[in-house]
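Peer 1: Pasting in a structure now, in structure tokens, and then I'll have a few things to ask.
The values are calculated or read from the model by the stated rules, or taken from the named source; none is laboratory data. These figures come from a predicted structure and were not determined experimentally. No Cβ is skipped: glycine too gets one built from the backbone with ideal geometry, and neighbour counts run over all protein chains shown. With ligands, DNA and RNA removed, areas are computed over all heavy atoms of the protein, side chains included. Shrake-Rupley method; radii C 1.70, N 1.55, O 1.52, S 1.80 Å.
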Amino acid sequence: AFHALRHFASCTDPGWLRFDARTDLDSLLSSAWISPDEWSLTLVLVNPGSLPIDTRITVPAAFDEPLGRARITRTVFDGVERSVDLGAPSERLVRVPGHSAVTVALSHD
């Protein structure tokens, strides 16, 4: 439970607002949170299914540059991977294994 909650809480703070997040796949759940100063954006992707999903991340134009150095964290609940830091996305692609949660944290810092 700690690692599931961590995906939502570790890269957001009180006062952050839910931001529109959409996916073309019914099997991939997504949410996004933006800081009050609109300087940071956090995406949380959840794959409740058993098959891995490769997805392309698209963000508002203001976050295109920070996406190249985003911090990706992943937890695979069926395995031993817990809150593993994967670095930045390659070619905007993110692999979301089955039964996992992935956080993509972007900031203009």
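Peer 1: Quick one: would you say residue 72 is free of Cβ contacts under 8 Å to residues at least 60 places away in the same chain, in contact with a Pro (Cβ under 7 Å, 6 or more places away or on another chain) and crowded, with 17+ Cβ neighbours inside 10 Å? Walk me through how you get there before you give the answer.
Peer 2: Details: free of Cβ contacts under 8 Å to residues at least 60 places away in the same chain: yes; in contact with a Pro (Cβ under 7 Å, 6 or more places away or on another chain): yes; crowded, with 17+ Cβ neighbours inside 10 Å: yes.
Taking the combined requirement at face value, the residue satisfies it.
Peer 1: Which one of these does residue 102 not meet: (1) farther than 18 Å from residue 11 by Cα; (2) assigned to a strand (DSSP E or B); (3) touching a His at 6+ places or on another chain (Cβ under 9 Å)?
Peer 2: With respect to (1) farther than 18 Å from residue 11 by Cα; (2) assigned to a strand (DSSP E or B); (3) touching a His at 6+ places or on another chain (Cβ under 9 Å), residue 102 is out only on (1).
Peer 1: If we keep just the residues of the stretch 84-99 that are in a loop (DSSP other than H, G, I, E, B) and at pLDDT below 90, which is nearest to residue 70 (Cα to Cα)? Lay out the reasoning, then the answer.
Peer 2: Of the stretch 84-99, the ones in a loop (DSSP other than H, G, I, E, B) are 88-89, 91-92, 97-99.
Right, trim to at pLDDT below 90 and you get 88-89, 91-92.
Values: 88: 5, 89: 7, 91: 12, 92: 10 Å.
For the stretch 84-99, the residue satisfying everything is 88.
Peer 1: Taking residue 32 as meeting all but one of (1) open to solvent by 30 Å² or more (accessible area, probe 1.4 Å); (2) over 17 Å from residue 98 (Cα atoms); (3) part of a strand (DSSP E or B), write down the number of the exception.
Peer 2: With respect to (1) open to solvent by 30 Å² or more (accessible area, probe 1.4 Å); (2) over 17 Å from residue 98 (Cα atoms); (3) part of a strand (DSSP E or B), residue 32 is out only on (1).
Peer 1: Just the residues that are within 23 Å of residue 19 (Cβ to Cβ) and open to solvent by less than 20 Å² (accessible area, probe 1.4 Å), please, taken from the stretch 90-104.
Peer 2: Matches in the stretch 90-104: 94, 96, 100, 101, 102, 103, 104.
Peer 1: In the list 16, 39, which residue meets the criterion of being over 20 Å from residue 4 (Cα atoms), at pLDDT 90 or above and of a type in the set (Phe, Trp, Tyr)? Working first, answer last.
Peer 2: Numbers: 16 fails: over 20 Å from residue 4 (Cα atoms).
Of the residues listed, the single one that is over 20 Å from residue 4 (Cα atoms), at pLDDT 90 or above and of a type in the set (Phe, Trp, Tyr) is 39.
Peer 1: State whether the residues of the stretch 10-26 include one that is open to solvent by 20 Å² or more (accessible area, probe 1.4 Å) and on the phi > 0 side of the Ramachandran plot.
Peer 2: Yes, that holds for at least one residue.
Peer 1: Which residue out of 50, 30 is small (Gly, Ala, Ser) and touching a Lys or Arg at 6+ places or on another chain (Cβ under 8 Å)? Please lay out each step first, then the result.
Peer 2: Numbers: 50 fails: touching a Lys or Arg at 6+ places or on another chain (Cβ under 8 Å).
Selected residue: 30, the only one of 50, 30 that is small (Gly, Ala, Ser) and touching a Lys or Arg at 6+ places or on another chain (Cβ under 8 Å).
Peer 1: Also, I was wondering about something else. Give me the pairs: first residue in the stretch 47-66 and over 15 Å from residue 107 (Cβ atoms) and open to solvent by 50 Å² or more (accessible area, probe 1.4 Å), second residue assigned to a loop (DSSP other than H, G, I, E, B) and acidic (Asp, Glu), beta-carbon distance under 9 Å, and six or more apart or on different chains, which are they?
Peer 2: 50/78; 56/91
Peer 1: Restricting the search to the stretch 38-74, which residues are closer than 17 Å to residue 27 by Cβ and more than 14 Å from the chain's Cα centre (by Cα)?
Peer 2: Listed by number, the residues that qualify are 48, 49, 50, 51, 52.
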